[in-house]
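Note sheet for the following structure.
All of the numbers you see were taken from the coordinates with simple rules; none came from a lab. These numbers were taken from a predicted model, which means no experiment stands behind them. Positions of Cβ are backbone-derived with ideal geometry, glycine not excepted, and every protein chain shown enters the neighbour counts.
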Amino acid sequence: MARSLLPVALLALLALLAGLPAARDPREPDVFCGACRALMDEVEHDVTKARQEKTKVGSFRINPDGTQERRKIPLAQSEAFLTDLLDKVCERMNDYRLEEDPVTKEKTFKRFAPRKGDKIYKEFKKFYFYSDAYRPLKFACETIIEEFEDEILSLITQEAHQLADTLCGEKSGLCETPTNHTEL
């Protein structure tokens, strides 16, 4: 009797599973594309600010003549600066909000918070905004950094232009359309 119930139970289980919606890819394209663009916007902003500054790099070894081999490079190309930047940049994803274009219905993330140094920054930071809505964006940002850290660092050190389009479109394939829509 138990053997005759086994095929029936398997069929019932298959019917139940067939009725469930297919498992969704945890990568929502709008979120990952938006996170990639927001990430690269933040990185590009910080790198642009850091390009004017220099930092000393080199060995701490002392040569036989008592000198050290040290040189100055742009801060934006310093490994320490870039590592620190990528460690902290996803914390700023709560400065973005999801907007939907009323005509095209395209969803994009736009920065709503002023940056440090802007005139209204001090006033703005008196208010505390917290929402779980930015968590998927932060998670996507961290995932992108994990998967594409080498590409991000390479683009920055090469001083590539249009970082968002290059990483988010060409390198990772997270976004299908470039941010600069050039129409004839």
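The gain in end-to-end length when the Glu159 to Lys56 segment is fully stretched comes to 35.1 nm, 0.36 nm per residue minus the alpha carbon separation. Restricting the calculation to alpha carbons of segment 25-101 gives Rg and Dmax of 18.5, 66 angstrom.
Excluding Ala160 itself, what net charge comes from residues whose Cβ is under 12 Å from its Cβ, given Lys and Arg +1 and Asp and Glu -1? Every neighbour counted, the sum reads -4. Residues whose amide H comes within less than 5 Å of that of Lys54, counting only those at least five positions distant or on another chain, are Leu75 (H built at 1.01 Å from N in the peptide plane). Each peptide among 29-40, 74-85 gets the average number of other Cβ atoms lying within 10 Å of its residues, and from highest to lowest they stand as 29-40, 74-85. Cα-based radius of gyration for segment 61-102, normalised by 2.2 N^0.38 Å, reads 2.19. In order along segment 165-178, the Karplus-derived 3J(HN,Hα) couplings, from 6.51 cos²θ - 1.76 cosθ + 1.60 at θ = phi - 60°, round to 5, 5, 6, 6, x, 6, 7, 9, x, 6, 10, 8, 10, x Hz, and Gly and Pro are given as x.
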